[in-house]
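The next block holds one structure in the form of C-alpha cells; read it before the comments.
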Amino acid sequence: MKALSRRRVLRGMLNGAAVAVGLPLLNCFINDNGTALANGAPLPIRFGTWGWGLGMSKVIFVPTKTGPDFDLPEEIASLAPVRDKINLFTNFNALRDAMPNLCHTTGWIILRSGSAPANTSSRPGETIDVTVAKKIGTTTRFPSVTVSATGDPRDTYSYESASSINNAEGSPLALYTTMFGGDFQDPNAKEFKPSPKILVRQSVLSSVSDDAKKLMTEVGAEDRARIDQYFTGLRELERQLDRQLEKPEPREACRMIAAPKELKTGVDFELVAERHRLFTDLLVMAVACDQTRVFNMTYSKSFASTTKIGYEKPHHTASHEEPVDEKLGYQPMVSWFLRRSFESWAYFVEAFSKVKEGDGTLLDNMLIYASTDQSFAKIHSIEGLPMFTAGRAGGKLKTGLHIDGARTPAARLGYTMMKTMGVDIPAWGTQSNNTSKEIGEILV
C-alpha cells in the first residue's frame, strides 16, 4: 500500500476552486473523537453546570428539614430568593473504591463522570455536560460553552477524555465577541441573510466526500474507524452549519445586550463576582437566543484561590490553616468565602428565572447542576457531598426540595439528570458509583 503523508488532505471542488479539509492523526502517519415554538415544536430544554470549590461548613449549611420549605442555615441564607427554584442534595457519597483520594480532584470528577480517577492526570469517561451535549447540542451554533469567573481558562470542570479538556473562556468581552459578533443571526430580525462565511464552510465539508471515500480504501481497519469517527464529527458540524443557513425561529426572550467591559486579571472576591455576573448575563442571552443549549460555569476552581483584600490567605490556604472556632463550630473565614460562592449561585439561578419564555421562564425549561470537590475541605473529605440543581427541565422535575441522600452514591443525581435530558442509558458510573436508581423525589 502506498504510504500516506501526515500532510494528506481531502480535496474537492467548490465553485470551480480547489478546497481541502485536513485529517485527524491516523496510525498510518506514525511509526507502527408558550410551551412551543412558532412551528409547533416544543420549547427546547437546556442543560448547564456550575462549579464551586471547597464544599461547605456542614453545621451552618445543611438544613434541619428535608422535603419542601426547608430551612436555610446561615451559610446559605443568600439562597432565600431562589429556594423554591432549586433542589439541595446533601449526605451523598463519592465512592473511590481502590483509588486514592486525590485532594480536590477525586470528588468533583466522580460527581461529573461517575468514576474515580486513578491519578491527578486521569480523566475517566467524559463529564455529564459532554454526554448531554451529544444529545441536545447538535443543532445549535455552539454545541456547548464553557466559561470561568476566575478568568483562567484552565479552571474548568468539563472534559471529553484525559487528553481532551474543554478549556474555559476567561474574558466576558471575548465571549460577547464570539457569541454576538459578525456571525450572529438575530432570531427576531425581520430579514435573514446567511453569512457568506457559513456558506463557504458548509460547502467545503460537502465537497470533499469523494476523496474521503477513496481514502477509506487506502488505510487499515483501525484508521478507517478513526476516519469514520472524524467524519461523524464533521457531519455534526455540517448539520450545525445547515442550521445557520436557515432563518432561526423567533425567540421572545432574545434581547441584544451591550458589550461588557474588559476586566483586569485577578481572583479578589469582588473581581470574581463581577466577572461571574457578566458571564451570567451573557449566558442568559446565549441560551435565550438559542446560540447554545449546553453550558458550564466555573465560579471557583476546586482548590479555590479566591482572595479578600486585608486577609492574608486565599480561600484554599484558609481551609487548611484556619482553626475551627470552638464556640461557632466552623471556620469563620472559610465560611465567609463560601458565602460569597452561594451569593453568586443565587445570582446565577435568578438571572435565568427573570427571563420570560412561553408561559413560564427560561429557567423552567432548563436543568442546571451545581457541584463541588469536597464536603469538608480541611481534611479533603468526599463523604456527605453537597450538590444543587435548578430549573424544572420543561416540567419534568420538581423544585424547592432538600433531599438527604442517606450516604447513597452521588452518581444517582448524575444518572437522574441524564435520564431527564433524554440520554438513553440503563445505568451510569463505574464500580461502587454505578447506579440505575434515580432520585424519585424530584421527578414529576
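Key figures
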quantity: Residue within the range 273-296 that is over 24 Å from residue 178 (Cα atoms) and part of a loop (DSSP other than H, G, I, E, B) present; calculated: no
quantity: Some residue of the range 162-184 being out of contact with any Leu (no Cβ under 9 Å at 6 or more places or on another chain), modelled with pLDDT under 95 and acidic (Asp, Glu); calculated: yes
quantity: Pick from the range 108-133, criterion aliphatic (A, V, I, L, M) and in a loop (DSSP other than H, G, I, E, B), ranking: surrounded by the most Cβ atoms within 10 Å (Cβ to Cβ); calculated: 116
quantity: The range 134-157, residues that are crowded, with 21+ Cβ neighbours inside 10 Å, β-branched (Val, Ile, Thr) and farther than 17 Å from residue 50 by Cβ; calculated: 140
quantity: Residue within the range 2-12 that is under 30 Å from residue 347 (Cβ atoms), surrounded by 15 or more Cβ atoms within 10 Å (Cβ to Cβ) and at pLDDT below 95 present; calculated: no
quantity: Any pair with Cβ under 7 angstrom, 6 or more apart, that starts in the range 237-264 at a residue that is of a type in the set (Gly, Ala, Ser) and ends at one that is modelled with pLDDT of 80 or more; calculated: 253/288; 253/355; 253/356; 253/357; 253/362; 259/173; 259/176
quantity: Hits in the range 35-60 - residues which are modelled with pLDDT under 90 and at positive phi; calculated: 40
quantity: Helices (runs of 4 or more DSSP H) wholly inside the range 310-426 containing at least 2 residues that are within 26 Å of residue 134 (Cα to Cα); calculated: 332-353, 411-420
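The values are calculated or read from the model by the stated rules, or taken from the named source; none is laboratory data. Only a predicted model underlies this, so the values are computations on that prediction, with no experimental measurement involved. Cβ coordinates were reconstructed from backbone atoms using ideal geometry, including for glycine residues, and neighbour counts include every protein chain displayed.
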